[in-house]
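**Student:** One structure, pasted below without further comment.
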Amino acid sequence: MVIRSQIAGVGSYLPARIVTNQELERSVDTTDAWIVERSGIRQRHIAAEGETTSDLAFEAAKAALAHAGMTADDIDLIIVGTATPDHTFPATAAKVQARLGMTKGVAFDLQAVCSGFVFAMATADNFIKAGQAKAALVIGAETFSRILDWNDRGTCVLFGDGAGAVVLKSAQGQGTTADQGILSTHLHSDGRHYDLLYVDGGPSSTKTTGHVRMKGNEVFRHAVVNMAEVVGEALAANGLQSTDIDWVVPHQANIRILEGTARKLAIPKDRMVVTVDRHANTSAASIPLALAEAVNDGRIKRGQLILLEAMGGGFTWGACLARY
Ligand code: UT7
C-alpha cells in the first residue's frame, strides 16, 4: 500500500469588484479589442481597499473545508502559494491559520509566482506521502492589483485578484494510476530568465514593494514550450497518453498560451478549463479558481483524471497529475 494525497474539497473566492476592459480603456492607452485579441481577457476582479491576500485566502479556505465536510481541526498543514503576501513577514499562511482558529499544525508561504499553486500542491503531497501531515489546505491567493504599474499597458491589463484552495487528505492507495489522489508532481526552475518577468522592488534590493515588469512576448515563447514539456513528463511518468486526460486545468495567463499548449499536446480545447476571460491572470490563484469552478459546476467528476500545469516568473514551471 502507498500513501496518496486525495483531493477532499475545493473552494474559491473572488473580490466583488469587476473591472472590465472598457473601464480600463478610460484610464490606460489600450482597447478592449487589443486585450481580447492578444490575451482573451474581458474582465478581472480587483480587491477592495483594505482587502488583503489573507482575506481572500481565508474565504477560499473556508469554502474548501465546507466542500470537504471537514473543519480546521482536521488540518495540520497550510501552504499559501503567493507572490503578494500581506506583509514581508510573517507568512500569509500564518494569518489564515489564526483566522481559522487553529493553534496546531504548520503554516507557511511558498513563492513560485504563477506556478505557486502547483509547487504548493507538490510540497503538500510530499509532506503527506512522508507521513508528516495528514490533511493540508493548499491555497493560491494573490492581490496582483497592488503590484501593477497602472501606467504600463503591457502588464496592467493582464492581471486580477482572487484565491482558490484545495483540501488534501492522506489516504491509502495501490500505487496505480487508478488510485484517487495525486499521481505525480513535476517541478522545474531556471533562474537565468528572472529578468523576463519580475518585480522591480523588494526589501533587500530596493526597500520598496515594486511593480511587475515583463517582456511578454519572450515569456510567451518559453511558456508554451515549458508547459508542453512538463505535461509530457507527467504523462510519461505515469504511462499515460494525452487522450487519457479528462480535464486540463492550466494556469490562466493568456488564451493563446492555453490553446498553443493544448495544440502541442493534441488535447481538445473542450477538455480544458478556461477562466482567463473572466478572471484574467491571477497568478498562483488561477489554477485552484479554475478547478473549483469546474468541480462546482459538475464538469470535473470523481474518478476523472485531471492535469494541472503552470509556468511563471523565475522561471518556474510544473505539472500535477491527479485522479479527482
Ligand atoms: O503568468 C505567467 C507568465 N505570463 C505570461 O505568460 C504572459 C505571456 N505573454 C503574453 O501573454 C503576451 O505576450 C502579451 C499579452 C503580454 C502581449 O501580447 P503580444 O502579442 O506578445 O504583444 P507584444 O508584447 O509583442 O506587443 C505588441 C504591440 C506593441 O506595440 P508595437 O511595438 O508593435 O507598436 C505593444 O506596445 O502591442 C502593444 N501593446 C498594447 N497595445 C494596446 C502592449 N500592450 C498593449 C495594450 N493595449 N494593453
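Values in this text are rule-based calculations from the coordinates and carry no lab data. From a predicted model like this one, the values you see are computed outputs, not experimental measurements. Don't worry about glycine lacking a Cβ; one is built from the backbone with ideal geometry, like all the others, and counts go over all protein chains shown.
**Student:** Once the cut-off is 19 Å, how many percent of the Cα-Cα pairs in the range 116-249 end up in the long-distance tail?
**Tutor:** 65 percent
**Student:** Could you give the length gained on full extension between R263 and A98, defined as 0.36 nm per residue of separation minus the Cα-Cα distance, in nm?
**Tutor:** Stretched out fully, the R263 to A98 stretch lengthens by 55.0 nm.
**Student:** Same structure, new question: Apply the Karplus curve 6.51 cos²θ - 1.76 cosθ + 1.60, θ = phi - 60°, to the phi angles in the range 313-324 and return the couplings in whole Hz, x for Gly and Pro.
**Tutor:** For the range 313-324, the Karplus-derived couplings read x, x, 5, 10, 7, x, 9, 9, 9, 9, 9, 5 Hz, x marking Gly and Pro.
**Student:** Shifting gears a bit: From zero up to wherever the largest Cα-Cα distance of the range 36-85 sits, split into 10 Å bins and tell me the percent of pairs in each.
**Tutor:** The percentages, shortest bin first, are 18, 37, 30, 12, 2.
**Student:** Could you point to the residue in P268, A228, N281 farthest towards the positive end of the range 181-323's charge dipole, with +1 and -1 charges on the Cβ of Lys/Arg and Asp/Glu respectively?
**Tutor:** N281
**Student:** Let me ask you something else. If you average over every viewing direction, what projected area does the convex hull of the Cα atoms of the range 2-173 give, in nm²?
**Tutor:** Mean shadow area of the hull around the Cα atoms is 10.6 nm².
**Student:** Mind running the shape call on the range 90-151? Use the C-alpha gyration tensor, a ≥ b ≥ c as the square roots of the eigenvalues: rounded below 1.5 for a/c, prolate if a/b tops b/c, oblate otherwise.
**Tutor:** In terms of gyration-tensor shape, oblate.
**Student:** Also, I was wondering about something else. Please compute the contact order of the chain in relative form: average sequence separation of alpha-carbon pairs under 8 Å and at least six residues apart, divided by the residue count, as a percent.
**Tutor:** 26 percent
**Student:** For the chain, what is the charge dipole size about the Cα centre, in debye to the nearest 20, if Lys and Arg each add +1 at the Cβ and Asp and Glu each add -1 at the Cβ?
**Tutor:** Using only the charged Cβ atoms, the result is roughly 460 debye.
**Student:** Related question: How large is the helix-only mean residue ellipticity at 222 nm for the chain, computed as the sum of -39500 (n - 2.57) over DSSP H runs with n ≥ 4, divided by its residue count, in deg cm²/dmol to the nearest 500?
**Tutor:** -9500 deg cm²/dmol
**Student:** Ok, one more. Based on a Kirkwood Rh over C-alpha pairs, give the Stokes-Einstein translational diffusion coefficient of the chain at 20 °C and viscosity 1.002 mPa s in µm²/s.
**Tutor:** Answer, rounded: 111 µm²/s.
**Student:** Given the C-alpha centroids of the range 233-258 and the range 126-164, what is the distance between them in whole angstrom?
**Tutor:** Their Cα centres are 20 Å away from one another.
**Student:** Gap in Å between the Cα centre of the range 59-101 and the Cα centre of the range 1-46?
**Tutor:** Each part's Cα centre sits 21 Å from the other's.
**Student:** Through the Karplus equation 6.51 cos²θ - 1.76 cosθ + 1.60, θ set to phi - 60°, convert the phi angles of the range 120-127 into ³J(HN,Hα) values in whole Hz; use x for Gly and Pro.
**Tutor:** Listing the rounded values in order: 5, 4, 4, 5, 5, 4, 5, 4 Hz.
**Student:** State whether the range 1-90 is rounded, prolate or oblate according to the following rule on the C-alpha gyration tensor (a ≥ b ≥ c being the square roots of its eigenvalues): a/c under 1.5 gives rounded; otherwise a/b larger than b/c gives prolate, and the remaining case gives oblate.
**Tutor:** Judged from the Cα gyration tensor, the range 1-90 comes out prolate (a/c at least 1.5, a/b above b/c).
**Student:** Same structure, new question: What shape does the range 181-323 take by its C-alpha gyration tensor, where a ≥ b ≥ c are the square roots of the eigenvalues and a/c under 1.5 counts as rounded, a/b above b/c as prolate, and the rest as oblate?
**Tutor:** Here the range 181-323 falls in the prolate category.
**Student:** Still on this model: Let me spell out the model: positive unit charges on the Cβ of Lys and Arg, negative unit charges on the Cβ of Asp and Glu, origin at the Cα centre of the range 2-173. What dipole size does that give, in debye rounded to 20?
**Tutor:** 600 debye
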